[in-house]
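Note sheet for the following structure.
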Amino acid sequence: MIPWLLLYLFGAVSSEDLHKLLSTLPQYSDSRLPPILRPLSYDLQLQLPLSEVSDPDVPLFTGRCVMQYEINQQIGPESAFISDSTSNRAKIKVTFLPSIISNSVYFQFDIIMLDHFENVSLVYNGNELEIFNVQLTDDSMELSVDQPVLFPGRYTLTIHRYKGLIGSAIYYRYHILFESTPSDHPIFRDAGEHAVFGSHLFPNRAPAVFPTYLGSTEKVTFSITMVHPIGTIALTSGASESYPRKMDDNWQMTTFSTTPSITPSMLCFLLLPHEYTHIESSYTGINISVHYNKFRVQKEQARHLLHTATQVLALLKDIFSSLVPVPKIDIVTMNEVSSTACFGAIVVSEVHFFSADYANQVKMLATWLAKQWIGGYAAISEGTELCLQEDLVSFIADKVIKRMTNDEFTRLGQLAKIYLSESVFLPGETLKLDEYPNELEITEKCGLKGVAMLESVESLIGEKAMISKINEMIYNSKKGAYSSETLYGLLNGTVDSDIYVSQLLHYWREHGGLPYMTIDRLGNAIKITQNGSNMTVKNGVGTWERMPLWPLPLKFTEFKLPIQIMISHGIQLSPVREGMIFSNLGFPNYYRVNYDIDTWREIKTILTENATSYTLRERFQLVSDFCYFYSIKSLPEPAASVLRNEFVQLVRLRPTSFPICDAAIFQCVVTHEHTRPRHLDKSQMIQLRRKVFDSFTNSSEMECRSGLAHDALNDLCTKLYGISCL
């Protein structure tokens, strides 16, 4: 270690406030009150596909639902209003009517376009309670119970028959096979004439299949029976208990074992036609089956999928230090679907998976399979915090990639996504979601910067401790749920003697934006400052503000400091030996780094003469950071513009050394030639984002100035600025 001294601090007041916050012993506990009504189990019977008699083109299903729940406190007559909802929607109401009419209790359950409810009953202690009204809307079912008081205990609600639509939560696909001909006239051939049916209940679609109560957060067990056409195979989150039982010439019934307690959004079921076949392996101790359409997917492709999934699952068992929490895993390939993971099953998009390179295939499988533990076995308690669940899953998936491949491109693509999100698509946003987030919001915000923050924590406490804390959280939550405070409470160590790691992570996740530090070389000293006050970001309560002071982990290439966290506006280090000194190289911590103009010149020279001494991620980071600080006019002119031209020329003349160079120099190009971007509506930005991010799933498409990544980024630039930029 070199003998340097901390000479002075800037912004002492703000620094003291931040230090006081981070050094205060946090008291984390689950602040949620137990729900008044808590679902315990579902016994579901679903029959599909059917069609409406009046309109045969409308596919539908019928269901039978038996839901057991418990009431944990007396309802009525002392209370006129009780709510189990964190939103403004009341879930339970007690109404006192004139004496000529009995007092009554109203229960409200969530549904989505379910109707034709028949023979609804409610039983308590063997006695059936009178239901005098069932009122349905598009999104709720309200039961009116002729009872002045409901006592604590277990209740059974039975809906003997109801109808629902197929099209969203339950979907179907016909498989079409594209073939080319010698005459260059392509033809389309059915890959079998029968549809495949699947369910997609994550995150809030379960009410489109059965009534739910606090359905996105409360864990329950499921016992499922499927009534399906003869010649089809039914799969669910539970294991099949026996062979299908024939009911008549058209229908058969398959019964499945009861699942462990899971959230309704993690339940799934599928119907596969006879065009599907399967292969399986029990190498990991449980049965993994790959089901595929034999007309669309080659057997070698299916074997590759099974072999890779088996390797991934074996590594996950080692990481989680526990048995796989499911009795079996069914992996089903489909065409024209979004890949989804649920408890005990995975739906894999054929195009998305088989067009990806090996490292990205590993990442996909690791993400889907990790959700058997994080999301299935242990579930997040609040919809607003779903990003934490997705971030933990991605954090674990990255570890699987490192152990199975030597790939650099997935880490490179991850950094590019973070930078583009923070500068173009969602600048300044926090990781907090809506109370009932949709899948689009989850995809936009989660699995990116939150992962980088978890990696920062790991760099402070070590990989072994980090994995241990995650495992402890999962084990402690197997019968309930976890929240961000659960994880914070386990990260109870300190750095720099009195700064709590949990407070660091809490602070980072509660504030929006991507912070940065500036490093200026002053002879034998370096001056480090933090000043992001010109940036507008969102805070933890959802309002926009000037970026506050951030606690930044300090990491330099040439020396190690006696402190690990910078909580001031500035420090000066002296003496520092001559030579190039990088900070946060490779983006191990969540912030950008700006240098003085002379250091940037030296970096450009280093990359020109010896780029391969640095990883792809490091090269991308350095070029992209320069372009970002050039774009916000943080570098002196005219030297900055001259250097800007040299950086752009460097990456374009050496494309093999700078994959996805178009993302790295994006801010150099658009801000140099143009002024302000056009306003695009949200749907356009979503489409552009999806196109850009999807192009990062194959290293062969990430070449500089060619491939899908170049085309997608150029399209983004063209839409924003009106001309082809790249």
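Scanning the chain for DSSP H helices at least 30 Å long along the axis (C-alpha atoms) with a Kyte-Doolittle mean no lower than 0.0 picks out 299-320. Evaluating 6.51 cos²θ - 1.76 cosθ + 1.60 at θ = phi - 60° for every residue in the range 544-549, the Karplus couplings come out as 8, 8, 5, 4, x, 5 Hz, glycine and proline recorded as x. Eigenvalues of the alpha-carbon gyration tensor of the range 666-726, scaled by 5 and square-rooted, set the equivalent ellipsoid semi-axes at 20, 15, 7 angstrom, largest first. Under 20 Å Cα to Cα from K682, which lysines show up? Leave out anything in the same chain fewer than 8 places away. Straight-distance partners of K682: K417, K432, K445, K538, K691, K719.
Rg over Rh for the range 451-562 works out to 1.03, using Cα positions for both radii and the Kirkwood form for Rh. Once C-alpha pairs closer than 8 Å and six or more residues apart are averaged by separation and normalised to the residue number of the range 357-496, the relative contact order reads 36 percent. Within the range 567-631, report the chymotrypsin sites (Phe, Trp or Tyr not before Pro) that DSSP leaves as loop and that have at most 10 other Cβ atoms within 10 Å. Of the chymotrypsin sites (Phe, Trp or Tyr not before Pro), not one in the loops of the range 567-631 has a Cβ with at most 10 other Cβ atoms within 10 Å. Taking amide H as placed 1.01 Å from N in the peptide plane, L40 has its amide H under 5 Å from the amide H of Q68, Y69, E70, each at least 5 places away in sequence or on another chain.
Keeping the other protein chains in place, figure out the carbon and sulfur percent of the accessible area of the range 261-351, with a 1.4 Å probe. Ligands and nucleic acids excluded, carbon and sulfur reach 49 percent.
Using a probe of 1.4 angstrom and keeping all protein chains present, the accessible surface of the range 596-725 works out to 45 square angstrom per residue. Remark on M247: its backbone amide H falls under 5 Å from those of Q252, M253, a criterion applied only to residues 5 or more positions apart or on other chains, H modelled at 1.01 Å from N.
Think of the chain as having a plus end and a minus end, set by charges on the Cβ of Lys, Arg, Asp and Glu; of S140, F256, A341, A341 sits farthest toward the positive end of this dipole.
Taking θ as phi - 60° and the Karplus parameters 6.51, -1.76 and 1.60, the scalar couplings of the range 156-161 work out to 10, 9, 10, 10, 6, 7 Hz in sequence order, x denoting glycine and proline.
(i) 158, 64, 52; (ii) 92, 56, 50; (iii) 87, 77, 49: which one is Cα extents along the principal axes in Å as calculated from this entry? Read-out from the structure maps to (iii). Absence of a disulfide-compatible partner, taken as no other cysteine beta carbon within less than 4.7 angstrom, is noted in the chain for C65.
Rounded if a/c is under 1.5, else prolate if a/b is larger than b/c, else oblate: which is the range 574-656, with a ≥ b ≥ c the root eigenvalues of its Cα gyration tensor? It comes out rounded by the Cα gyration axes. The lysines whose alpha-carbon is closer than 25 Å to the alpha-carbon of K527, local same-chain residues fewer than 8 away aside, are K20, K555, K560, K604, K633. For the range 596-725, the square roots of the Cα gyration tensor eigenvalues, ordered a ≥ b ≥ c, give a/c of at least 1.5 with a/b no greater than b/c, which places it in the oblate category.
Restricting to Cα pairs below 8 Å that are 6+ residues apart, what does the relative contact order work out to for the chain? Please round to a whole percent. With pairs under 8 Å counted, the relative contact order is 11 percent.
Residue separation of M113 and S497 scaled by 0.36 nm, minus their Cα-Cα distance, works out to 132.6 nm of gained length.
Accessible area per residue for the range 502-551 is 37 Å², calculated with a 1.4 Å probe on protein heavy atoms, without ligands, DNA or RNA. For the range 596-725, the relative contact order comes to 24 percent (Cα pairs under 8 Å, sequence separation of at least 6). Take the alpha carbon gyration tensor of the range 386-490, find the square roots of its eigenvalues, order them as a ≥ b ≥ c, and report rounded if a/c is under 1.5; if not, report prolate when a/b exceeds b/c, else oblate. It is oblate, given that a/c is not under 1.5 and a/b is not larger than b/c.
Adding -39500 (n - 2.57) for every DSSP H run of four residues or longer, then dividing by how many residues the chain holds, sets the calculated 222 nm ellipticity at -9500 deg cm²/dmol.
For K555, the residues whose modelled amide H falls within less than 5 Å of its own, excluding neighbours fewer than 5 places apart on the same chain, are N584.
With K and R counted +1 and D and E -1, the other residues having a Cβ less than 13 Å from that of N438 yield a net charge of -2. Treating r as the C-beta distance of R678 and S468 and R0 as 56 Å, the FRET efficiency rounds to 0.70. Considering only GluC sites (Glu not before Pro) in DSSP loops that have at most 14 other Cβ atoms within 10 Å, the longest stretch of the chain without any of them is 579-726.
The values are calculated or read from the model by the stated rules, or taken from the named source; none is laboratory data. Quantities reported herein were computed from a predicted structural model and do not represent experimental measurements. Here Cβ is always computed from backbone atoms with ideal geometry, including for glycine, and neighbour counts include all displayed protein chains. Areas reflect the complete protein model, heavy atoms only, side chains present, ligands, DNA and RNA absent. Shrake-Rupley method; radii C 1.70, N 1.55, O 1.52, S 1.80 Å.
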